[in-house]
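K.L.:
Quick one: structure below, then a few questions.
The values are calculated or read from the model by the stated rules, or taken from the named source; none is laboratory data. All values reported here derive from a predicted model rather than from experimental measurement. Cβ: placed from backbone, ideal geometry, glycine included. Neighbour counts: every protein chain shown. Heads up: the accessible areas ignore ligands, DNA and RNA and are worked out on the full protein's heavy atoms, side chains in. Shrake-Rupley method; radii C 1.70, N 1.55, O 1.52, S 1.80 Å.
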Protein chains: 2
Amino acid sequence: MGITERKEREKEQRREEIIAAAQKVFFEKGLQLATMDEIAEAAELSKGTLYLYYKSKEDLYLSVIMRGAEIMYEFFEKATATNEPVLKLISNLGDSYFEFFQKNRQYFRMLYFRDNPQLHKQVSQEVLQVCLEQDRRIWKLVIDLIQRAIDEGYLQKNIKPVQAAVILWSSSTALMQQIDRNDNYWQEQMGVNLEETLRLSNSLLLEAMMTDKGKLEYRSMVI
Amino acid sequence: MGITERKEREKEQRREEIIAAAQKVFFEKGLQLATMDEIAEAAELSKGTLYLYYKSKEDLYLSVIMRGAEIMYEFFEKATATNEPVLKLISNLGDSYFEFFQKNRQYFRMLYFRDNPQLHKQVSQEVLQVCLEQDRRIWKLVIDLIQRAIDEGYLQKNIKPVQAAVILWSSSTALMQQIDRNDNYWQEQMGVNLEETLRLSNSLLLEAMMTDKGKLEYRSMVI
DNA sequence: CTCGTAATATGACCGCAAGTCAATTAATTA
DNA sequence: TAATTAATTGACTTGCGGTCATATTACGAG
C-alpha cells in the first residue's frame with residue numbers, strides 16, 4: 001500500500017517535471033513556436049509520454065498559466081493582508097498587480113491567452129474547470145475588498161462591487177498589456193509614460209467611485 | 001494602354017474577391033481553424049493563386065482586419081462630425097465604438113488579434129506598415145478631439161490628451177472584450193450588466209478628467 | 001488567323017508539427 | 001523466476017501552410 005502512494009507521488013512529480021520543461025520552452029518561444037518535441041527533449045522524455053500526462057499542447061500551456069495565476073494570487077493576498085485602511089488596500093492591490101506584471105511578464109503574457117477563447121481549440125474540460133475555479137478565487141478577493149470599502153463608507157453605495165472590480169481590473173489589465181507591447185512606441189513617438197498613465201487611470205477611477213469620506217481619507221493618505 | 005488599365009482593375013478585383021472569401025471563412029472559423037484550402041474553395045480559386053495575391057494566411061487575415069478598421073474609422077468620423085459641444089462628441093465617440101462593436105462583432109474580435117504580436121509569425125512588413133498607418137489615423141482622431149476639449153476648458157489641462165485617449169480607449173476595449181466573451185456569465189452568475197458597466201466606466205473616467213466648467217456642461221447635457 | 005510570349009492559374013508535392021498506437025522496457029507481484 | 005501490469009518509446013498518421021514545375025489563358029506581332 002506504501003507502493004501505490006509512492007507511485008502516486010512519482011506520477012505527480014513527473015507531471016511537475018513536464019510542466020517545468022514546458023514552462024521553459026513556452027517562455028522562450030511562446031505557444032505557437034514551441035513544439036511538443038522540444039518540450040519532450042527539455043523534459044528528457046519522449047513525446048508520447050507527454051501525452052500520457054497532458055491531453056494536448058494547449059492543456060500543457062494552460063497548466064503553466066495556472067502556475068502563473070497562483071503566483072499572482074499570492075501577490076494579491078500579501079498586498080491585502082495588512083491592517084491598513086481599506087482604500088489603501090485597494091490601492092496596494094493595484095500596485096501588486098503591476099508588480100506581478102513587472103516581475104512575471106512571461107506569465108502575464110500567457111495569462112491573457114486564457115481570455116481569448118478563439119485560441120482554445122484543444123483545451124480539455126477538466127483543465128478549463130480548474131482554471132475557472134482559480135479565476136473565481138481571484139475575483140472573490142477583489143470583490144470582497146471592494147465590498148468592504150463600500151460597507152465602511154469609503155466607496156459609493158450605488159456602485160456594485162462587482163462592477164467596480166470589473167472596471168478597475170479591465171482598465172489595469174488593458175494598460176499593462178499596452179505597456180508590455182508598445183511601451184517604447186508610446187514613450188518615444190507620443191511622449192507618454194504608460195506606467196504613469198496606469199497610475200493616473202487607477203486613481204481617477206478609484207476617486208470617481210469614492211464617497212466624500214473616502215476622498216478625504218484618500219487625499220490624506222496620498223500625501 | 002487601355003488594356004493594362006483593365007488588367008490592373010481585374011487584378012484589384014481579384015484581390016477583393018479573395019478578401020471577401022477569406023472574410024467569410026475567417027468569420028465562420030477564426031484564424032486558427034480556417035484553412036487556406038477552404039478559403040481557396042470559397043474564392044473558387046486554387047490555393048496557389050491565393051499566394052500570388054497575399055504572402056501568407058496572416059497577411060490575408062490582417063487585410064480583412066483592415067476592412068474592419070476602416071469601417072470603425074467611418075463610425076468614428078460620423079460620430080464626431082456634428083456641431084455638438086465637444087464633450088458630447090467625446091461621449092458620442094464612446095457610443096459609436098460600442099455601436100461598432102455590436103454591429104461588427106466579428107471584426108471587433110479580429111481587431112484584437114492585431115494587438116497580440118505573439119500571434120504575428122508571418123505578417124509581411126508591407127501589410128504591417130499599412131496597419132500602423134491606419135492605427136495612427138484612428139488615434140489622431142481621438143487625440144485631437146480630446147485636445148480640443150482641453151483647449152476649450154472642459155477637460156483638465158494637466159492631463160495629456162494622449163494619456164486621456166489611451167485610458168478611455170483601453171478601458172472601453174477591455175470591457176467590450178469582456179462583453180464579447182463572457183456577458184452571460186457576468187449577467188447570470190454575478191448579476192451584473194456589463195453594458196451598463198461600460199457606460200459607467202466611461203462616464204466615471206470622463207467626469208474625473210473634467211474641469212468644473214466641464215462637469216457643469218456635462219451634467220446639463222446628460223439630463 | 002496563328003503562333004510565340006507573357007501573364008495567370010493550378011494542384012501535386014514538401015516540410016513540419018500535433019497527436020496516436022503497437023511494440024518495448026521496467027517495475028511489481030505470485 | 002516467470003507472469004502480469006504499468007510506464008515509456010518513437011515510428012507513423014494526419015492535416016495544413018507554403019512552393020513550384022506545369023498547364024492554361026490572354027495578348028500582340030506577323
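K.L.:
Taking only C-alpha pairs under 8 Å that are 6+ residues apart, what is the relative contact order of region A:1-54 in percent?
P.N.:
RCO, region A:1-54: 32 percent.
K.L.:
Okay, next question. Please return the longest stretch of chain A lacking exposed loop sites, where trypsin sites (Lys or Arg not before Pro) count only if DSSP places them in a loop and at most 13 other Cβ atoms lie within 10 Å.
P.N.:
A:1-120
K.L.:
Give the Rg (one decimal place) followed by the Dmax (whole number) of the protein assembly as shown, computed from C-alpha coordinates and expressed in Å.
P.N.:
In order Rg, Dmax, the Cα atoms of the protein assembly as shown give 24.4, 89 Å.
K.L.:
Also, quick follow-up: Whenever you get a sec, compute what percent of the accessible area on region A:68-222 sits on carbon and sulfur atoms (1.4 Å probe).
P.N.:
On region A:68-222, the fraction of accessible area on carbon and sulfur atoms equals 49 percent.
K.L.:
Still on this structure, I have one more. Evaluate the charge dipole of region A:61-140 about its Cα centre and quote only its size in Debye, nearest 20, assuming +1 on the Cβ of each Lys and Arg and -1 on the Cβ of each Asp and Glu.
P.N.:
Here region A:61-140 has a charge dipole of around 200 debye.
K.L.:
Across the Cα atoms of region B:82-222, what radius of gyration and what greatest pairwise Cα-Cα distance (Dmax) are found, in Å?
P.N.:
Using the Cα atoms of region B:82-222, the pair Rg, Dmax is 16.8, 51 Å.
K.L.:
Assuming R0 = 56 Å, can you tell me the calculated FRET efficiency for the pair A:GLN13 and A:GLU84, based on Cβ-Cβ distance, to the nearest 0.05?
P.N.:
After rounding, the FRET efficiency stands at 0.90.
K.L.:
While we're on this one: Take chain B, connect every pair of alpha-carbon atoms lying under 10 Å apart with a spring to form a Gaussian network, then pick out the residue of B:ILE138, B:ILE39, B:ILE159 with the largest mean-square fluctuation.
P.N.:
Evaluated over chain B, the most mobile residue of the options is B:ILE159.
K.L.:
Can I ask one more? Please give the calculated 222 nm ellipticity per residue for the protein assembly as shown, where each DSSP H segment of at least 4 residues contributes -39500 (n - 2.57) and the sum is spread over every residue; nearest 500 deg cm²/dmol?
P.N.:
That comes out to -27500 deg cm²/dmol.
K.L.:
Let me ask something else. Connecting C-alpha atoms closer than 10 Å in a GNM of chain A, tell me which of A:TYR51, A:TYR73, A:TYR154 has the biggest fluctuation.
P.N.:
Greatest mean-square fluctuation among the candidates belongs to A:TYR51.
K.L.:
Please give the Cα centre distance for region B:89-110 versus region A:17-50, rounded to the nearest Å.
P.N.:
40
K.L.:
May I ask you to find the residues of region B:89-135 that are shielded by at least 30 Å² of accessible area once the whole protein assembly is considered instead of their isolated chain (probe 1.4 Å)?
P.N.:
Residues shielded by partner chains are B:ARG109, B:ASP115, B:ASN116, B:GLN118, B:LEU119, B:LYS121.
K.L.:
Could you sort B:THR49, A:THR35, B:THR173 by their accessible area in this structure, using a 1.4 Å probe and putting the largest first?
P.N.:
Output order, biggest surface exposure first: A:THR35, B:THR49, B:THR173.
K.L.:
Let me ask something additional. Distance check, please: which entries in A:LYS88/A:LYS213; A:LYS57/A:LYS78; B:LYS78/B:LYS213; A:LYS160/B:LYS157; A:LYS29/A:LYS57 exceed 24 angstrom between their Cα atoms?
P.N.:
Beyond 24 Å: A:LYS57/A:LYS78; B:LYS78/B:LYS213; A:LYS160/B:LYS157.
K.L.:
Rounded to the nearest 0.05, what FRET efficiency is calculated for A:LYS47 and A:ARG219 with R0 set to 41 Å and r the Cβ-Cβ distance?
P.N.:
FRET efficiency, A:LYS47 to A:ARG219: 0.10.
K.L.:
Inside 10 Å of the C-beta atoms of B:4-16, what's the mean count of C-beta atoms belonging to other chains?
P.N.:
Mean partner shielding for this stretch: 0.
K.L.:
How much area per residue is accessible in the protein assembly as shown when the probe is 1.4 Å and only protein heavy atoms are counted (Å²)?
P.N.:
Per-residue value: 51 Å².
K.L.:
Can you compute the charge dipole magnitude of region A:68-222 about its Cα centre, using +1 on each Lys and Arg Cβ and -1 on each Asp and Glu Cβ, nothing else charged? Give it in debye, rounded to the nearest 20.
P.N.:
The calculated dipole for region A:68-222 is roughly 240 debye.
K.L.:
Pairs of alpha-carbon atoms within less than 8 angstrom and 6+ residues apart define the contacts here; what relative contact order does chain A have, in percent?
P.N.:
Once normalised by length, the contact order is 17 percent.
K.L.:
Give, in whole angstrom and from largest to smallest, the semi-axes √(5λ) of the equivalent ellipsoid of region B:96-149, with λ running over the eigenvalues of the Cα gyration tensor.
P.N.:
The answer is 23, 17, 8 Å, longest axis first.
K.L.:
Distance in nm between label sites at A:GLN125 and B:GLN129, each 7 Å beyond Cα in the beta-carbon direction?
P.N.:
If labels sit at A:GLN125 and B:GLN129, their model points lie 5.1 nm apart.
K.L.:
Hey, got a sec? Which GluC sites (Glu not before Pro) in region A:1-100 land in a DSSP loop and have at most 13 other Cβ atoms within 10 Å?
P.N.:
Hits after loop and neighbour filter: A:GLU44.
K.L.:
Here is a follow-up. Find the sum over both chains of the accessible area lost when A and B are paired, probe 1.4 Å, and report it in Å² to the nearest 100.
P.N.:
Separately minus together, A and B give about 3600 Å² buried.
K.L.:
Taking the Cα centre of region A:1-130 as the origin, how large is its charge dipole in debye, to the nearest 20, when only Lys and Arg (+1) and Asp and Glu (-1) carry charge on their Cβ atoms?
P.N.:
Taking the Cα centre of region A:1-130 as origin, the dipole is about 180 debye.
K.L.:
Would you kindly state how much longer the chain becomes between B:LYS140 and B:LYS157 on full extension, computed as 0.36 nm times their sequence separation minus their alpha carbon distance, in nm to one decimal?
P.N.:
Computed gain between B:LYS140 and B:LYS157 is 4.3 nm.
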